[in-house]
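Visitor: Can you read through this structure? Questions will come right after.
The values are calculated or read from the model by the stated rules, or taken from the named source; none is laboratory data. Just so it is clear, the structure is predicted and the values come from calculations on it, not from any experiment. With ideal geometry, Cβ positions are generated from the backbone for all residues, glycine too; neighbour counts draw on all protein chains shown. Side chains included, ligands, DNA and RNA excluded: accessible areas come from the protein's heavy atoms. Shrake-Rupley method; radii C 1.70, N 1.55, O 1.52, S 1.80 Å.
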Amino acid sequence: MSRAGAPLKGRAGRLARLMPSASPSSAARTPFVLLVVLLLGGGLITLLLLNSALNEGSFRLSELKRDTTELTDEQQALQRDVDSYSQPGALERRARELGMVPGGSPAFLDPDGTVRGVPTKATAPPPSPSPSPTPSPEPTPEDGAQADEAGAGVPSATPSGTATPSPGAAAQPEPEDAPAPENTPATPPPTTPGR
């Protein structure tokens, strides 16, 4: 008799009875192994997607930070421009360019209709003398005939802003001995403090 076909006795028999045969155990392990592999693969793919999303977010964050610093620099430059335009000297110069003049002492209107103070009209300081304009050339007879037909003796304005008389009017010569006006800066009138 061979030993392979004989039943096991003692300790070996008890171990053989506790452990099932090889073929049913491999069939039961297959779904568990597939489940573990699927869980590990799904976890790795999820981790990869999460990592790429975080990297994309960090790139977007760095781009937004760069845009924020550019916009902050632009805002600071604009604020410097506003500050330079709102300085009293710049405001006064711009107001004079627009033809505004400093006002006198203010007058106030009370709710009951009475006026406190003396209202005065604001007057412009005398303009600084400018160099005298050069006289325009005398019109030719053809121009004079056209001017007589169009304006009938009315002075015509030239681009320099001076009026040229019609050919029939007498021309007044300018004195050659007259001194040329000096370019002296006009002193601005005093302003009220706190305005």
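Visitor: In segment 102-120, which residues are open to solvent by less than 100 Å² (accessible area, probe 1.4 Å), out of contact with any Phe, Trp or Tyr (no Cβ under 9 Å at 6 or more places or on another chain) and of a type in the set (A, V, I, L, M)?
Guide: ALA107
Visitor: Filter segment 85-101 down to residues that are outside any loop (DSSP other than H, G, I, E, B) and surrounded by 10 or more Cβ atoms within 10 Å (Cβ to Cβ), then give me how many there are.
Guide: Residues meeting the conditions: 8.
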